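Following: one structure in C-alpha cells, then a few remarks.
No value in this document is a laboratory result; all are computed from the given coordinates. The structure presented is a predicted model; accordingly, all values stated were derived computationally and were not measured. Cβ sites come from the backbone with ideal geometry, for glycine too, and all protein chains shown count toward neighbours.
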C-alpha cells in the first residue's frame, strides 16, 4: 500500500508512514502559528509563500488546507469580535489575510463571523449618513467616507447600496419620530436620497412615511397643499377650492349599525267587552335593548381632502364632510369617525398608519 500523505510505498496493510503523519500534524500547527503571528503583528509578510511551502513540505493536500485556512480566518475574526467592537486595524488585517490565504471575500459573508463583521460595516455607513443629517451638511466628503468603508470592509457595490438604503431609511424614521417632517429635514433627506441614488422603487414604504410627515406639516401650518401625484381618474367630485391631501388604497371600513331587540314581555289575558271587541291586560312586548353591530363594507380607496373624507369601493361609497365631523377616535388599527346627527353612524377606517390618519383628520379644521 501507499502512504496517504507522501504517496510512497508504506508496507503491507499500512496506509501511512508514522513520520509522515507526525509531519502532517506539525504542519497544520505550524500554519496556525504563522497565521497567529501575522494577525498579532498586523503584517501579512510573505504568508502565501509560507503556506504553500508548508503544505508541500508537510504533506497537506488542498482538500485539507483550504478548510484549515478558513477555520484559521474565522478564529481570528471571532477574536476581533470578542470585545464587541471591531477596530479599523483589525478589519484591515482580516481583509489583507483573505487574498493571502486564497479566500474569496464574497464567501466570508456567509459565515457567522462574516455576518457580524458585515453588520459593523453597515452600522458604520448608517452612522455616516445620520451624522450628515444631524450636522445639516451633505456637501462634504460623504461619498469619500462611504468609499473608505467600502474599501476597508471589501464591500461590493451591491452591499454598499443596501447599507446606504438602510441608513437612509433610519434617517427618515428618526425625522418622522414626531410624525412631522420639517422643511429643513425634507430638503436634507431629498438631497441625501439624490446623492445615494435612492428612488421610490427602492423604498416605497419609506417614501410614503416621508410624504405623510410633509402632509401633516402643511396641515398644521394651515396650508391645503397637494403633494400627491395622481395618475388615475378618481370617482370623486371635488368642490371649488377642494384639494386632495391624502389618498390610500386598500382601506377596510366597518359601519356601526344600531339594532333594536326586546327582552321579556307577556301575552296577558283577553276580555270580551262587546261583540267583536276584546281588551288585553298586561300585554307588552318587553324592554327595548339596543346593540351596535359592525358591518364590513369591504375594502376601497380613502381620499382625504381639505373639505371631505371619501371612501369608495366597487359597490359602496361614504362621504363625510370635514366641518360636520363630531368625533374622531383613534384605535389601534385606524380611526373611528362619526359626523353630527342623532342617527349618524360611526365608520371605522382601517389604515396603514393609524396615528397619521388620526392626526390628519383631527386637524382638518385648521384649513
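Listed by Cβ neighbour count within 10 Å, with the fewest neighbours leading, 107, 223 appear as 107, 223.
With respect to the chain, whose longest principal axis is taken over its alpha-carbon atoms, helix 18-40 is tilted by about 60°. Highest mean packing comes first when the peptides 198-205, 156-163 are listed by Cβ atoms within 10 Å, giving 156-163, 198-205. With R₀ set to 41 Å, the beta-carbon distance separating residue 89 from residue 21 gives a calculated FRET efficiency near 0.60.
Sorting 134, 353 from the fewest to the most surrounding beta carbons within 10 angstrom yields 134, 353.
What is the angle, in °, between the Cα long axis of helix 88-100 and the longest principal axis of the Cα atoms in the chain? Nearest 10 is fine, range 0 to 90. In the chain, helix 88-100 runs at an angle near 60 degrees to the longest axis.
Remark: the residue 239-residue 363 segment gains 42.7 nm on full extension, using 0.36 nm per residue and subtracting the alpha carbon distance.
Listed by Cβ neighbour count within 10 Å, with the fewest neighbours leading, 219, 328 appear as 328, 219.
With volume of the Cα convex hull per residue in Å³ defined as stated, name the option among (1) 138; (2) 184; (3) 309 computed from the structure displayed. This structure yields the entry labelled (3). Annotation for residue 34 and residue 201: the two label points, set 7 Å from Cα along the Cα-Cβ direction, are 4.9 nm apart. A Förster radius of 35 Å, combined with the Cβ-Cβ distance separating residue 174 from residue 79, puts the computed FRET efficiency at roughly 0.55. Per residue, the chain reaches -14500 deg cm²/dmol at 222 nm when only DSSP H runs of four or more residues are counted, each adding -39500 (n - 2.57).
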